[in-house]
Amino acid sequence: MNLDFTAILPSLPYILKGIGVTLKIVIVAGLLGFAFGIVLAIFKISKSKALNWFADAYTSIFRGTPLILQLMIIYYGLPQLIGFEIASYTAAVASFSLNSAAYISEIIRAGILAVDKGQKEAAMALGVPGERMMRDIILPQAMKNILPALMNEFITLTKESAIVTVIAVDDIMRRSYIVGGDQYRFFEPLIFAGLIYYLLVISLTMIGKVVERRLRQSD
């Protein structure tokens, strides 16, 4: 076995800088996907058939096609239509947020439908407007129920962010690959990248458990 992890020690700071790039993509895409996911979830439970159709069609398309295909269409294909190139970071955030919105919308929809109908009936009896009822009564209760599922989606997004290496984003994975190419030894830097992703996932899992515990205590 020709393994020597000490050979990549000088390159570790370079690889570690990729954590910031990865987290920046994941956080921005996660927030945008969450916001759009709420809109789609509301569309899905709306009385408007047009909104229902749009939300269902959107979800079907983005859940039914590979994420890497969506990423490459936005980065390589879209410039053909709009006439100018899209920055790799922008393409990564756009594809991840659009894809996450489809999954998050289903999670939120399920959470909204799981809220006791009595809450809605009581709000209507008190004359609470529909928009305010959704914002102040229904959504907060739904969020408590779907937090574990949302955290799982965020964790999945963190791991899947590694595919941005195909469009030359200098994230953890690409930096590890570059180090491997420079030193003609890929196993060590890629294992190190795997360790970073594993620690990120473990950290997110712990944060999710803490938040979930606090929400339960606030009930």
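The values are calculated or read from the model by the stated rules, or taken from the named source; none is laboratory data. Computed from a predicted model, the values in this text were never measured in an experiment. All Cβ positions, even for glycine, are placed from backbone atoms using ideal geometry, and neighbour counts span all protein chains on display.
Key figures for this structure:
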| read-out | value |
| --- | --- |
| Test: I137 is buried (at least 16 other Cβ atoms within 10 Å of the Cβ), touching a Lys or Arg at 6+ places or on another chain (Cβ under 9 Å), over 15 Å from G33 (Cβ atoms) and β-branched (V, I, T) | yes |
| Residue among I15, I73, I19 that is touching a Ser or Thr at 6+ places or on another chain (Cβ under 9 Å), within 16 Å of A168 (Cα to Cα) and surrounded by fewer than 18 Cβ atoms within 10 Å (Cβ to Cβ) | I73 |
| In segment 53-70, the residues that are within 22 Å of V39 (Cα to Cα) and not aromatic (F, W, Y) | A55, D56, A57, T59, S60, I61, R63, G64, T65, L67, Q70 |
| Helices (runs of 4 or more DSSP H) enclosed by segment 7-111 - at least 3 residues per element that are of a type outside the set (A, V, I, L, M, F, W, C) | 18-44, 49-64 |
| Options I178, I137, I202: the member that is more than 18 Å from the chain's Cα centre (by Cα), closer than 28 Å to T90 by Cα and aliphatic (A, V, I, L, M) | I178 |
| Where a residue in segment 125-137 is in contact (Cβ under 8 Å) with a residue 40 or more places away in the chain and its partner, wherever it lies, is assigned to a helix (DSSP H, G or I) and not basic (K, R), with Cβ under 9 Å and at least six apart | M134/I42; M134/I112 |
| Hey, L147 among the aliphatic types (A, V, I, L, M), part of a helix (DSSP H, G or I) and surrounded by fewer than 17 Cβ atoms within 10 Å (Cβ to Cβ) or not | no |
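Results for (1) polar (S, T, N, Q); (2) modelled with pLDDT of 80 or more; (3) surrounded by 13 or more Cβ atoms within 10 Å (Cβ to Cβ), shown as yes or no for each residue.
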| position | (1), (2), (3) |
| --- | --- |
| T158 | yes, yes, yes |
| S176 | yes, yes, yes |
| F186 | no, yes, yes |
| L190 | no, yes, yes |
| I196 | no, yes, yes |
| L200 | no, yes, yes |
| S203 | yes, yes, no |
